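Following: one structure in structure tokens, then a few remarks.
Bear in mind these aren't lab numbers, they're just calculated from the coordinates by the rules spelled out. The model shown is predicted, which means the values in this text are computed figures rather than measured ones. Please note: Cβ atoms are built from the backbone with ideal geometry, for glycine as well, and neighbour counts cover all protein chains shown.
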Amino acid sequence: MPTPNPSNCLRYWDLADHIQLTDAVALWCGVEPAELATLDFETQCMSAKRAALVTALREDRLEYEDLGIVTGHGKVYKGTPIDELLEKNRLIIDKASLRRWFEQLPFEDRPPFLFDESRQTVIPDGSGVAEMNSLKGLAIMATLLARGSMKYQSGDKPNAEAIGRAVQDEAEKLFGDDVRGFRAFNKKIGEALKVFNRELPGQCK
């Protein structure tokens, strides 16, 4: 039987809207989850990444779903405390939430299973629609802002960095120093403009 190409396997992870914690750690480290399951050890980097994800889950910075327990009456009970869900591997992480979490990290770390846009040119009907619409909305707002002021332009296009910096400055005025979610906002705007231009070439002017 031929060995599957890991980069090809990532295409199928794109179709899932949730992912288990262990699978997320493995893919973040560039390891196929099935291969990780055969190892009898975990690297220091894997342990650190797992700890970071667990902290984010406990602090409600990552959205997740409780897989629940089937009761004797055939109903599914949900509401188990987070630590028990982690211990018994009974939660799955929302991938859109995980992607947003990575975008807010104070350093560059874009794992391909979430950020290789070359694989994501076609989104199946019904998956990621809300996020795609949010990106398009951001691109439209950036375009309108650029049309209204030259300081938000780069040539004849919106300047994502200038807009992101202005958003962060305003966020600090409104919310104080805890604005981690806004520090990489220029990247989010840049991503939104790419999506918008891909569907409507030449419109972001």
Practice item. Using the number of other C-beta atoms within 10 angstrom as an exposure proxy, rank E84, E161 with the fewest first. Key: E84, E161
Study note, to complete from the structure: With R₀ set to 30 angstrom, the calculated FRET efficiency between the beta-carbons of F102 and T80, to the nearest 0.05, is 0.70
Review point. Taking the simple approach of a point 7 Å from Cα along Cα-to-Cβ for both E170 and T43, what is their distance in nm?
Key: 4.2 nm
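Once you order the gyration tensor axes a ≥ b ≥ c over the Cα atoms, which shape class does segment 26-111 get: rounded for a/c under 1.5, otherwise prolate or oblate by comparing a/b with b/c? If you can, show how the numbers build up before the last one.
Numbers: a/c = 2.28, a/b = 1.46, b/c = 1.56.
Cα axes put segment 26-111 in the oblate bin.
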Practice item. Could you tell me which of the pairs K151/K173; K78/K194; K49/K173; K49/K88 are separated by over 30 angstrom between their Cα atoms in the structure shown? Key: K78/K194; K49/K173
Practice item. With a point put 7 Å past each Cα toward its Cβ, work out how far S149 is from R58 in nm, to one decimal. Key: 4.2 nm
Revision key, fill the gap. If the label point sits 7 Å along Cα→Cβ of I69, residues of segment 86-106 with amide N under 17 Å come out as 86-92
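Could you order the peptides 55-67, 91-103 from most to least packed, using the average number of other C-beta atoms within 10 Å per residue?
Ranking, from highest mean packing down: 91-103, 55-67.
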